[in-house]
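Notes follow the structure.
The values are calculated or read from the model by the stated rules, or taken from the named source; none is laboratory data. These numbers come from a predicted model, not from an experiment. With ideal geometry, Cβ positions are generated from the backbone for all residues, glycine too; neighbour counts draw on all protein chains shown. Just the protein is used for accessible areas: all its heavy atoms, side chains included, with ligands, DNA and RNA removed. Shrake-Rupley method; radii C 1.70, N 1.55, O 1.52, S 1.80 Å.
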Amino acid sequence: MARVTTLELKRKKEAGEPITMLTAYDYPFAQMVDEAGVDIILVGDSLGMVVLGYDSTLPVTQEDMLRHTAAVARGTKRAMVVADMPFMTYQVSPEQALENAGQLVKEAGAHAVKLEGGDPVLETIRKMVDAGIPVMGHLGLTPQSIHKLGGYRVQGREKETAERLKREAKALEEAGCFSIVLEAIPSWLAKEVTEVVSIPTIGIGAGPHCDGQVLVLHDVLGIFQEFKPKFVKRYANLREEILKALKEYVREVREGEFPTPEYSYE
Ligand code: KIV
């Protein structure tokens, strides 16, 4: 089975074939997401919130990403694996950023890295791409800047921020990004960005005009239910299903119904 590559993603954009992307953070879920035919698996730093229990993505470390990316890489055969670069692993200097990106590819098995922002990260992106590391950009609502943005809110509604976002998308393309995530921006703006760049845009809360869509796996499956942004569609309610199974186990053990001889050795 051929691995999805940056060239295949570009071909999909040109052919008008929607690109599918989901997050995953461990081996069993990576296997299922891969088997479902998803093109790109993002080992997102949303890991911090939906798996590690933090209230933002900021505390996620390089070590967290290395461990979870390696588990996801082991679970995939076809999907491209993109590792998110955690907060403060790429902002200090392009040299340090390159070392950290290199580690995610070389040690953890990522096929590409993703980092947030526009103008401030252009030099860093050029360095990574020159070193042979594919980079996915991320514009709009960039959760690592949550304190600066003042909350998880739609970006780019004002003319000035919309213009800046379009200019930065073009700049990311020129710096060598193979794709850009657009998060929580109006559909009309995502459409304009998608038309001005020749690399694929992947939307999350950015409407139907992007070249692809991404959601957080634990939102899609209804495992994470602490809050639900407007753009999240739940395709299952696994939290309820899992709770049902666990409560049944607890009841059976307490009432002596498990284990029966079927589950015991003579
Ligand atoms: O960390 C993440 O899951 C992400 C997606 C929301 C795109 O960056």
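Structure notes:
- Rounded to the nearest whole Hz, the Karplus-based 3J(HN,Hα) values (6.51 cos²θ - 1.76 cosθ + 1.60, θ = phi - 60°) of the range 185-192 follow the sequence 10, x, 4, 5, 6, 4, 5, 5, with x at glycine and proline.
- The chain - percent of accessible surface contributed by carbon and sulfur, probe 1.4 Å: 54
- Alpha-carbon centroids, the range 165-197 and the range 213-266: separation in whole Å: 38
- Net charge dipole size for the chain [Lys, Arg +1 and Asp, Glu -1 on Cβ; Debye, nearest 20]: 660
- Counting heavy atoms of the protein chains alone, residue 49 has an accessible area of about 30 Å² for a 1.4 Å probe.
- Taking every protein chain into account, the 1.4 Å probe leaves residue 221 with about 40 Å² of accessible area, to the nearest ten.
- Computed over the Cα atoms of the chain, the ratio of the radius of gyration to the Kirkwood radius (Rg/Rh) comes to 1.03.
- Candidates 78, 239, 67, ranked by Gaussian network fluctuation over the chain, Cα under 10 Å, top entry: 239
- Take every pair of alpha-carbon atoms less than 8 Å apart whose residues are at least six positions apart; their mean separation over the length of the chain yields a relative contact order of 15 percent.
- Per-residue SASA remark: residue 258, around 70 Å² accessible (1.4 Å probe; ligands, DNA and RNA not included).
- Whole-number accessible area per residue in Å² for the range 6-235, which is evaluated in the context of all protein chains at 1.4 Å: 45
- Highest mobility in the GNM of the chain, judged by mean-square fluctuation with C-alpha springs under 10 Å and restricted to 191, 228, 247, is found for 247.
- Accessible surface ranking that places the most exposed of 90, 235 first, with a 1.4 angstrom probe: 235, 90
- DSSP bridge pairs, the chain: antiparallel proportion in percent, nearest 5: 5
- Vicinal HN-Hα couplings computed from phi for the range 27-42 (Karplus, 6.51 cos²θ - 1.76 cosθ + 1.60; Hz; Gly/Pro x): 5, x, 5, 4, 4, 5, 5, 5, 5, 6, x, 5, 6, 10, 9, 9
- Placing 77, 170, 148 in order of accessible area, with the largest value first and a 1.4 Å probe, yields 148, 77, 170.
- GNM top mover of 252, 168, 116 - the chain, alpha-carbon springs below 10 Å: 252
- Per residue, the chain reaches -12000 deg cm²/dmol at 222 nm when only DSSP H runs of four or more residues are counted, each adding -39500 (n - 2.57).
- Sparse-neighbourhood loop sites, GluC sites (Glu not before Pro) in the range 48-115 - DSSP loop, at most 12 other Cβ within 10 angstrom: 107
- Close amide H contacts of residue 42 (hydrogens built in the peptide plane, cut-off under 5 Å, sequence separation of 5 or more or a different chain): 22, 23, 24, 82.
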